[in-house]
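For reference, the structure discussed in these notes is given below.
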Amino acid sequence: MGIFGGAVRDIRNVGIGVASAARQRFMRVRKRIGAEAYDIHALRHTRASELAAAGHDDATIMAITGHKSVAALRIYTEEARQKARAERTKNRT
């Protein structure tokens, strides 16, 4: 179940009208929950970072976020992974 009340769908293969409707719905939900400072890109970045910090591999994260290349994905995940490694190291000592 997604934030928009339906099953999470891969919107890469839908028509422009459906994608536009999803964006409009997102904007309404964002306003309703007081998250107007966040846009779709920021949420995508946050999700990629959280998944990386939790230890998920690139292929899994790419499947969830829709990134097409590992290079683009790593812009978001490398810092999160580095922080997670540092935290684990700190907790071992």
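The values are calculated or read from the model by the stated rules, or taken from the named source; none is laboratory data. Predicted model, so just to flag it, every value in this text is computed and none were measured. Counting neighbours? That spans all protein chains shown, and the Cβs are built from the backbone with ideal geometry, glycine included. Side chains included, ligands, DNA and RNA excluded: accessible areas come from the protein's heavy atoms. Shrake-Rupley method; radii C 1.70, N 1.55, O 1.52, S 1.80 Å.
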Those residues that are open to solvent by less than 70 Å² (accessible area, probe 1.4 Å) and in a loop (DSSP other than H, G, I, E, B), I need them from segment 25-38; list them, please.
-> G34, A35
Just checking, how many residues over segment 1-18 are among the aliphatic types (A, V, I, L, M), part of a helix (DSSP H, G or I) and modelled with pLDDT under 65?
-> 2
Just one of the numbered conditions (1) exposed (fewer than 12 other Cβ atoms within 10 Å of the Cβ); (2) within 24 Å of R30 (Cβ to Cβ) is not true of T46; which one?
-> (1)
Could you list, in sequence order, the residues of segment 49-59 that are in a helix (DSSP H, G or I) and either at pLDDT below 90 or of a type in the set (A, V, I, L, M, F, W, C) (or both)?
-> L51, A52, A53, A59
Filtering segment 60-82 down to residues that are assigned to a helix (DSSP H, G or I) and open to solvent by 70 Å² or more (accessible area, probe 1.4 Å), which residue is farthest from A42 (Cα to Cα)?
-> Q82
First in segment 81-93 and at negative phi, second anywhere and surrounded by 11 or more Cβ atoms within 10 Å (Cβ to Cβ), Cβ under 7 Å, 6 or more apart = R81/A52; R81/A53; K83/A53; A84/A53
